[in-house]
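Each remark here refers to the structure printed beneath this line.
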Amino acid sequence: MTKKRASKSPRRRSKRSKRPSLRSWLPGFLLKLSLVIFVIGGIGMIYLDAQVRAKFEGKRWALPAKVYARPLELYAGQQLTVADLKRELQGLGYRAVQRISEPGTMEIARTRMRVYSRGFAFPDGDEPPRRMLISFNGNTVASIRDDKGRNVSLARMEPILIGGIYTKDNEDRDLIRLDQAPDYLAQALIAVEDRDFYEHAGVSLRGIARAMWVNLRSGRFAQGGSTLTQQLVKNFYLTSERTLARKLLELPMAVLLDAHYSKEEILEAYLNEVYLGQSGARAIHGFGLASQYFFARPIQELKLHQVALLVGMVKGPSFYDPRRRPERATKRRNLVLQLLADSGDISEAQKLQAQKQPLGVVKQKSLLKGAYPAYLDLVKRQLRQEYPEQALSSEGLRVFTSLNPIVQARAEQALVRTISNLQKRHGKRVKELQGGMVVTDPQTAEVLAVVGGRETRYQGFNRALDARRPIGSLVKPAVFLAALEQGYTLSSLLDDAPIRVEMSNGQIWEPRNFDKKSHGQVALHRALSNSYNLSTAQLGMEIGLDKVVAMMKRLGMERDPKPYPSLLLGAESMSPFEVAGLYQTIAANGFRMPMRAIRLVTTADGEELSRYPLKVKQTVAAPVMHLVQYAMQEVVREGTARSVYQRLPDSLNVAGKTGTSNDQRDSWFAGFSGNRMAVVWIGLDDNGKLPFTGSGGALRAWTDYIYREKPEPFMAAYPDNINYHWIDEATGYRSAEVCAGARQVPFIKGTEPDREIDCGQGGSFKRSLRWFQNWFRQD
Amino acid sequence: MRKLLPVAAALLLAGCVGGGANQVVVVEERTPAPARPAAPGEVVTAPDTPGVTVTSPVIDQPVISTTPSDPKSSGSWVVTQNTAQSYRTNPAVVALLGSAKQQMDGGSYRAAGSTLERAQRIAPREPEVYYQMARLRLKEGEWKQAEQLALKGVQVASGSNEMQRRLWLLIGDIREDAGDRIGAQRARIKARRL
């Protein structure tokens, strides 16, 4: 206080005489100024120190959630080809070698593969790394043996990382510990970036001097003057702005950092912080992620030349981008190798050997991270219902999904190829043709694949989830299920006659058949397999719209469909994903199971946060479902989808339904085999008319997918109270095998027709209906 | 039919692998639908399957197609003969069911749940998987799910009276636990009839 008062008095005096007062004022001022600077500086240092420590010790990085595909289970008897396994392992970055010697390698022969797996810490237990000899027999795994020749009953490969959930600035990284760093990584970094790293106190004058000297001597900018610690400070604390003030903070912060933490801690932080590239909007940070991004394998497996390349890139990730600038990158890498040899970290022979290596960078397209935007979209939507965005993008959560990359690849190929074939055939009108597809396993209700459009890697409009289109005849199984529950049978005769319904708003609904004809009296199963609109509309109006609406909801529709008569012919708009929910229940014999894309979410350490177990609820009785499954088999054997068996073998039982919306704007097919259920939509985003129907478009993609997938055939359960009878199709009466026009049709006990026709039992031809004979199981 | 005999013999040998000790299960056979026209009112019965009777594991029996298999059409589609496999004899499923039981008995219900789902993905038509899933849910006190899983098991056990009986008995226990005594009795009566 006294000082303050004293400082005021000279000023008062100065008004009277200026000169002497200045002389007496100046020293005092300087003293005070330096004191203030000292205090402010001290406070500043304390503040900086607190900041340095808080950031370094607290949460250092926003770690995006990691999303994994399903791990491939390997067991004898499994349906898997050498090509499938090779593809999966390539997705995991396994190297094909002459002789497996370390984790992440494989030997490929024609019918056998040797694999040295990496192992993985699954939430339900560790899978150890192991050597396996896998023998194939055609499409199946014949045996798996370990390196001692013993049978391995079950092995789980590590899951492919398919994506992450990033913060707004799109930073992505894979944290590594210093002890996970491959040989020479630390040495190379130190040799190239900061030779006095272990000696200096965060800032190195010698380093700056030497860098200048090296640069002068070599005639180019080979070394930078700032230490690793300074670089870390710059990236770590001062990222957003690059003002002079911030630049000035770098030195004291580096010193503080060095004072507080060990060299190892600083180096580890550096390894994870450094920026090494850009993948679209995603910024590649840290050596762990860079290793995956450039070499598609974990950092532990990198070789000397690869380590040298990454270290070389620190200086200018885009300038030395090995994908776009391979020559520049090679030169830089070789310089790093030279520096390593100069410092004695590697021998001359090692240097020469490494310099001879190709860059070995994988094509960006071969990386599976980011390859499944449509599936990831589904996963994210589900996660966002349960987790705050911040937790998803920064807590490093691990998300285990059901995505099957092998199935996904086949579905993509089938849809993309079909669309391009349709474009070739129909020309300009379908230039913008698009599609969406969902594949599930009907037994587990897991979503195996999602295709959001023609450009499968493009993260845009996700048609599988968001293209809500009128489903057309895909609704018919729901109408028929409701009718069968009301006592109709497959052989009930329906009137396929014109129908006119006046709606409450005065509008008239007057549907027509696709061929614009009436077909008279038709058997119910025939009405479904030939997809007759008039008889379906008659039937639906007879049983009541409420029954149909209720059936759709029982099958799994989560919204309330609009109860207009046009609902009966599929006026309701649904996405392929929603349709999959309905058909999933049909394929699972009436057991409704919510479709699941996520199996488990854990913390970064593997602690379980949420799981999504199988949930089942029988919503439609098995016998009724059996009847509609019969009719849906007829669709593909004799009805609107019979073209399926031009490509599929007779023995592969499938069932499904075609769909075409009004004015032919949407082409649909939904169908299933024993272990796959797939829904395909093909159409135009602007809702334009198509020059083909459901069977001309979506069915082709579906068939192509099933052809590639070679799934298990659909085999219906044979419920207790179902009996098969020979029925005369024209009358719906009982008939006999030998009679013309007779076919075997299943009935729920007690609903079989009473009346019988007599065809004379002589010489009439028998209708061949082999298709369903190997369909159901009977004991 | 001749093709079936060696398969059946192999299955008889493998019959004791996996599952509880007293699991007597039946081979299911998908034969063609009844070849005779049924007289009105007559209940169509399954054709006899000599040589394949009661004591072998549940299996998706290879389809014996009524026509000679055409190698051109079947080709690489190993659907008529080879993909049909016994899951119960599949060591992977046996191993998973074994560790699930251990995990369940040791009280690690979450791990048991994960293990059973792995088994289900490999062998979705194996009733034992649903039996164990239902048992797990029962232990967790989730009676509704337990019952539904057991019902799903009953459906996939179609053809195996013994397995269906076990499942109905389990449903009886589940309903009993949930306080539904009448429902429990009904389930037990069903089990007795099998």
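Quick note: the coordinates plus some simple rules give every number you see, no bench work behind them. As the structure is a prediction and not an experimental result, all values here were calculated from the model. All Cβ positions, even for glycine, are placed from backbone atoms using ideal geometry, and neighbour counts span all protein chains on display.
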Farthest positive-ward along region A:299-392 dipole, Cα basis, beta-carbon charges - from A:Q350, A:S366, A:L340: A:S366
Dipole of region A:406-529 [Lys/Arg +1, Asp/Glu -1 at C-beta], most positive-end residue of A:F514, A:L433, A:Y488: A:L433
Shielding score for A:69-80, defined as the mean number of other chain Cβ atoms within 10 Å: 3
MRE, 222 nm, helices only [DSSP H, n ≥ 4, -39500 (n - 2.57), over chain A, to nearest 500]: -12000 deg cm²/dmol
Mean separation of Cα contacts under 8 Å (6+ apart) over length of chain A, as relative contact order %: 10
Alpha-carbon centroid distance for the pair region A:621-695 / region A:494-561, whole angstrom: 18
Interchain or long-range residues, amide H under 5 Å from A:N137's placed H: A:A142
Within 10 Å of each Cβ in B:110-118, the average number of Cβ atoms from other chains: 5
Estimated Rh, region A:506-629: Kirkwood, alpha-carbon pairs, angstrom: 17.0
Amide H contacts under 5 Å for A:Y372, placed H, 5+ residues apart: none
Using a Förster distance of 56 Å, the FRET efficiency for A:A550-B:R193 (Cβ separation, nearest 0.05): 0.95
For peptides A:551-558, A:308-315, A:31-38, sequence by mean Cβ density within 10 Å, most packed first: A:308-315, A:551-558, A:31-38
Highest average packing first - A:95-106, A:372-383, B:170-181, Cβ atoms within 10 Å: A:372-383, B:170-181, A:95-106
Fewest-first ranking of A:R23, A:R642, using other Cβ atoms within 10 Å as the exposure measure: A:R23, A:R642
Charge dipole (debye, nearest 20) of region A:412-709; +1 at Cβ of Lys and Arg, -1 at Cβ of Asp and Glu: 680
Shielding of A:738-745 by partner chains, average beta-carbon count, 10 Å: 1
Point-to-point label distance, A:Q459-A:E265, nm (Cα→Cβ direction, 7 Å offset): 3.5
Protection-proxy order for peptides A:620-628, A:538-546, each taking the mean of Cβ atoms within 10 Å per residue, highest first: A:620-628, A:538-546
Vicinal HN-Hα couplings computed from phi for region A:416-427 (Karplus, 6.51 cos²θ - 1.76 cosθ + 1.60; Hz; Gly/Pro x): 5, 5, 4, 4, 5, 5, 5, 5, 4, 6, 9, x
Residue-by-residue Karplus 3J(HN,Hα) for region A:389-397, coefficients 6.51, -1.76, 1.60, Hz, glycine and proline x: 3, 4, 5, 5, 9, 10, 8, x, 4
Range of Cα positions in region A:656-717 per principal axis (Å), largest first: 39, 23, 16
Volume per residue that the Cα convex hull of region A:65-160 spans, once the total is divided by residue count, Å³: 97
Rounded to whole Hz, the Karplus (6.51, -1.76, 1.60) HN-Hα couplings of region A:115-121, x for glycine and proline: 10, 10, 6, 8, x, 7, 8
Computed log₁₀ I(q)/I(0) - Debye formula, equal Cα scatterers, no solvent, chain A, q 0.08 Å⁻¹: -0.79
